[in-house]
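Only the coordinates and a few stated rules stand behind these numbers; no lab work does. Quick caveat: nothing in here was measured; it's all calculated off a predicted structure. Here the Cβ positions follow ideal geometry from the backbone for every residue, glycine too, while neighbour counts run over all protein chains shown.
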Amino acid sequence: MQLFYQPDIQNGVHFLYEEESRHCIKVLRKTSNDIINITNGKGLFFTARITQPDFRKCGFDIIDIIREPQKNYSIHISIAPVKNMDRTAWFVEKSVELGIDRISFIRCANSERATLKTKRLDNKIISAIKQSVRATVPAISPLIDFEEFIKSLVESHEMKFIALVDDKNPPLLFKAAIPGKNYCVMIGPEGGFTEKEVMLAVDGDFRKVSLGKYRLRTETAGIAACHMLNLVNE
């Protein structure tokens with residue numbers, strides 16, 4: 001299903017903005033009375049009929065509205081952004097395709113990046129929800145210091161994990177996670193978490209887990225964690 005994005009559709013904006021209109025009319029060759037599918041990014045799918053096939057402002061009438069089915073679990077990945085912004089953007093795009101619900105960026109002692117403009121990731125997120133036919137845009141939280149993040153977590157996270165490469169062999173996330181829960185997994189920077197950060201996490205009720213026997217890049221670890229939690233809930 002080809003999906004278009006119109007965040008203001010419930011506010012009476014019954015046309016696609018220019019970029020979406022251009023793709024609909026110029027690329028896909030849609031015309032009057034053709035049926036298209038739209039999401040508002042807030043959990044709703046809309047079936048619509050094109051009334052004005054303008055590549056700058058494609059007008060439509062709404063035919064039907066369907067709410068996206070709700071999952072009985074949620075995935076929150078908190079991750080230290082890497083120096084290369086393209087790698088961080090890749091993580092965001094692929095994790096959204098895999099069904100992540102929230103991404104938080106954390107600043108750790110070994111972090112390579114001290115600042116991050118999350119606005120730059122918006123296009124990747126929208127592209128990913130359209131690709132995966134999702135109706136809900138995941139929440140993205142700005143960069144926050146590690147200790148502040150630990151303190152900021154609400155009780156809705158029933159299972160909290162910190163992913164480590166540890167000689168003591170913590171259990172695999174896949175085996176530690178219980179289906180049907182709200183999860184938060186912390187992924188560290190390329191240099192790893194410090195001992196102090198691990199202690200703070202454990203004191204904050206985070207469980208140590210492994211993502212496998214191989215050392216993964218930060219963004220790969222985030223994707224692996226997201227995928228494992230989806231598999232646990234299959």
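Quick one: order D54, D86 by neighbouring beta-carbon count within 10 Å, fewest to most.
Details: D54 16, D86 8.
Sorted ascending by nearby Cβ count, the order is D86, D54.
Between Q52, Q70, Q131, the GNM of the chain built on Cα springs shorter than 10 angstrom shows Q70 fluctuating the most.
In this structure, the amide hydrogen of I106, modeled 1.01 Å from its nitrogen in the peptide plane, lies closer than 5 angstrom to those of I79, A80, I144, counting only residues at least 5 positions away or on a different chain.
Note on K124: lysines with a C-alpha under 16 Å away, same-chain residues under 8 apart excluded, are K94. Across the stretch 79-90, rounded Karplus estimates of 3J(HN,Hα) from the backbone phi angles (6.51 cos²θ - 1.76 cosθ + 1.60, θ = phi - 60°) give 9, 7, x, 8, 5, 7, 4, 4, 6, 5, 5, 4 Hz, Gly and Pro being marked x. Amide H contacts of E190 (H built 1.01 Å from N, in plane; Pro and chain starts excluded): E112 sit under 5 Å, all sequence-distant by 5 or more or on other chains. For K30, the aspartates and glutamates whose Cα comes closer than 20 Å to its Cα, not counting residues fewer than 8 places off in the same chain, are E18, E19, E20, D54, D61, D64. With θ taken as phi - 60° and the Karplus curve 6.51 cos²θ - 1.76 cosθ + 1.60 applied, the whole-hertz 3J(HN,Hα) list for the stretch 209-216 is 9, 10, 10, x, 7, 9, 7, 9 Hz, x standing for glycine and proline.
What does the helix-only formula give at 222 nm for the chain: each DSSP H stretch with n ≥ 4 adding -39500 (n - 2.57), the total divided by the residues, and the result rounded to the nearest 500 deg cm²/dmol? Numbers along the way, then the final one.
Numbers: 7 runs with 63 residues, N = 234.
Helix contribution divided over all residues of the chain: -7500 deg cm²/dmol.
Comparing Cα centroids, the stretch 26-80 and the stretch 161-228 end up 35 angstrom apart. Listing I126, I25 from fewest to most neighbouring C-beta atoms within 10 Å gives I126, I25. Coupling constants for the stretch 141-147 follow from the phi torsions by the Karplus curve (6.51 cos²θ - 1.76 cosθ + 1.60, θ = phi - 60°), and in residue order they are 9, x, 4, 9, 4, 3, 5 Hz; glycine and proline get x. Highest mobility in the GNM of the chain, judged by mean-square fluctuation with C-alpha springs under 10 Å and restricted to F105, F161, F15, is found for F15. Between the amide H of D34 and those of I50, distances stay under 5 Å, these residues lying 5 or more places away or on another chain, with hydrogens modeled in the peptide plane. Residue pairs exceeding 28 angstrom between C-alpha atoms, taken from K26/K83; K130/K213; K181/K208: K26/K83; K130/K213. In terms of overall dimensions, the stretch 74-232 has a Cα radius of gyration and Dmax of 14.4, 41 angstrom.
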